[in-house]
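Working notes, beginning with the structure itself.
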Amino acid sequence: MEILKVQNLCKTYGTGENSVKALTNVSFTMQKGEFAIVVGESGSGKSTLLNCIGGIDTPTSGKVYVNNEDLFSMKENQLTIFRRRNIGFIFQAFHLIPELNVEQNIIFPLLLDYRKPDQKAVNELLDILGLSDRRTHLPSQLSGGQQQRVAIGRTLLTKPAFILADEPTGNLDSKSSFDVMDLLTKASRHYQQTILMITHNKNLTSSADKVFQVSDGILTDLGGNYNEKLS
């Protein structure tokens, strides 16, 4: 089942001699349950790609379809609601609410959307996250890796069509980084969650179904098992 389709996506900043092509004719698809990683150096265009796919930024040309819905044919208020219900975001910064405990932070997006959390699903998710014994802890009482797991759980509970992860290990040490990658892989397999992650760290790509590279705004498909190709 095709969840995401990106078609001839282009993004140019500025005009004339001062114009900069951030993306050039980017096209790819993702199926339900796939875990894809986009690698690229700073300034390569990978963050622009993520923002356009997430409907945060508007491309100069091209199409993005989520569940066969054309993102940029929607009016702004339609897009806002669609994005909230269909696209999950995980950022490098955790963006947890300091006054809320672990469980409250995880269910907060559902409450914002006037949806009632399923307590059984919350309990299962806390177990998968390894946070059952931390459910009443505040963010200040957690390590960086634990805070990122809360941020991931908050996104998973809303059951979006797909998740965009923007350098989710950027603020973590090596062990916590690989723990987060293991968790994202489990989420993809256990929940059949479609995940697109960007990173500059090529060492984190071993568990991905697809690996792409962005360089000067051009996307190249590197296939799967990218780390095996490096050895």
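Quick notes
- Residue within the range 159-171 that is over 13 Å from the mean Cα position of the chain (by Cα) and open to solvent by less than 30 Å² (accessible area, probe 1.4 Å) present: no
- Checklist (1) within 28 Å of Ile37 (Cα to Cα); (2) open to solvent by less than 80 Å² (accessible area, probe 1.4 Å); (3) at pLDDT 95 or above applied to Phe91, failing item: (3)
- Number of positions in the range 1-15 that are more than 14 Å from Val64 (Cα to Cα) and open to solvent by less than 60 Å² (accessible area, probe 1.4 Å): 2
- Selection within the range 46-60 - under 18 Å from the mean Cα position of the chain (by Cα) and in a loop (DSSP other than H, G, I, E, B): Gly54, Gly55, Ile56, Asp57, Thr58
- In the range 12-35, residue farthest from Ser61 (Cα to Cα) [restricted to those that are under 25 Å from the mean Cα position of the chain (by Cα) and of a type in the set (Ser, Thr, Tyr)]: Thr29
- Verdict on Ala187 being crowded, with 17+ Cβ neighbours inside 10 Å and not in a helix (DSSP H, G or I): no
- The helices (runs of 4 or more DSSP H) found wholly in the range 61-153 and carrying at least 2 residues that are closer than 21 Å to Ile198 by Cα occupy 76-86.
- Sole residue being of a type in the set (S, T, N, Q) and touching a Ser or Thr at 6+ places or on another chain (Cβ under 9 Å), chosen from Ser174, Ser207: Ser207
The values are calculated or read from the model by the stated rules, or taken from the named source; none is laboratory data. All figures in this text were calculated on a predicted structure; none of them were measured in a lab. With ideal geometry, Cβ positions are generated from the backbone for all residues, glycine too; neighbour counts draw on all protein chains shown. These accessible areas exclude ligands, DNA and RNA; they are computed on the full protein's heavy atoms, side chains included. Shrake-Rupley method; radii C 1.70, N 1.55, O 1.52, S 1.80 Å.
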